[in-house]
Amino acid sequence: MNLDQKYELLYAHEEAFSYRVAQHVVTKPEASVWMILLPVLFVHHFYRINQYKEGVRSFAQHFLSTKIKALDKAYEQALAGKSVDYPMEAYFPDHALTGREADVAERQLKVIKDMEKHYLALLQAPGQSLEELVQNAYHSPEQYRGFISRLEAKEQELNHYLVHNVHTSEAAGRVVRQVEGECARLREEEVRLFFG
């Protein structure tokens, strides 16, 4: 598998992961028996389903954006055949990073850098499937869990800062807990998938 194929494989995997998280976090409207009796309710439900689908898509795309920053930088390094320590501005070119925005970006950069190392290891590993890339990059479930633990610690640091300084509502805290819980569940599922 060449570098471009590995990139596409990793991108597709992360996109699917992001959509799975989004489907867990974004609340899907429930159908009601009343819709059969009152068709106007079905029209309203259909409208809410479309809003749900758009919410899932939007959430997944925003969730995926950090991963893609890391994957793109890892791809550039793999293509060049050398490691590069990019400055913060390379990850956030459209933002003037000052004040609280700089604090958030600094914490987010720690997450991105861990993911970047992970993707670079996978892009450089031999293999014809995602499972083979992970197995050849990490060699054991313990090593892979070590990466996950480091990543989750940095994600939790970022999330803690966000819920105490930026998005301070109870609803935001609930969403963050849901995202962290679903990510942990999906990552554990991946460990079992990759290492049997």
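The values are calculated or read from the model by the stated rules, or taken from the named source; none is laboratory data. What you are looking at is a predicted structure, and each value in this text was computed from that prediction instead of being measured. We place every Cβ from the backbone using ideal geometry, glycine too, and count neighbours over all the protein chains shown.
For the reader, a short list of remarks on this structure follows.
- Qualifying residue in the range 70-87 (condition: within 16 Å of Arg187 (Cβ to Cβ) and part of a helix (DSSP H, G or I)): yes
- For the criterion of being surrounded by 14 or more Cβ atoms within 10 Å (Cβ to Cβ) and either in a helix (DSSP H, G or I) or on the phi > 0 side of the Ramachandran plot (or both), Glu142 fails.
- Filter result for Leu162 (in a helix (DSSP H, G or I) and over 25 Å from Leu10 (Cα atoms)): yes
- Count of residues meeting criterion [surrounded by fewer than 14 Cβ atoms within 10 Å (Cβ to Cβ) and in contact with a helix residue (DSSP H, G or I) (Cβ under 7 Å, 6 or more places away or on another chain)] in the range 115-139: 1
- For the range 173-196, a residue qualifies if it is among the hydrophobic types (A, V, I, L, M, F, W, C), surrounded by fewer than 14 Cβ atoms within 10 Å (Cβ to Cβ) and within 13 Å of Glu155 (Cα to Cα), and exactly one does: Ala184.
- Residue satisfying all of: in the range 140-175; among the acidic types (Asp, Glu) and over 16 Å from the mean Cα position of the chain (by Cα); modelled with the lowest pLDDT among these: Glu170
- Scanning the range 59-88 for residues that are farther than 13 Å from Leu123 by Cα, touching a residue at least 40 places away in the same chain (Cβ under 8 Å) and of a type in the set (Ser, Thr, Tyr) returns a single hit, Thr66.
- The condition of being acidic (Asp, Glu) and either touching a helix residue (DSSP H, G or I) at 6+ places or on another chain (Cβ under 8 Å) or surrounded by fewer than 14 Cβ atoms within 10 Å (Cβ to Cβ) (or both) does not hold for Asp72.
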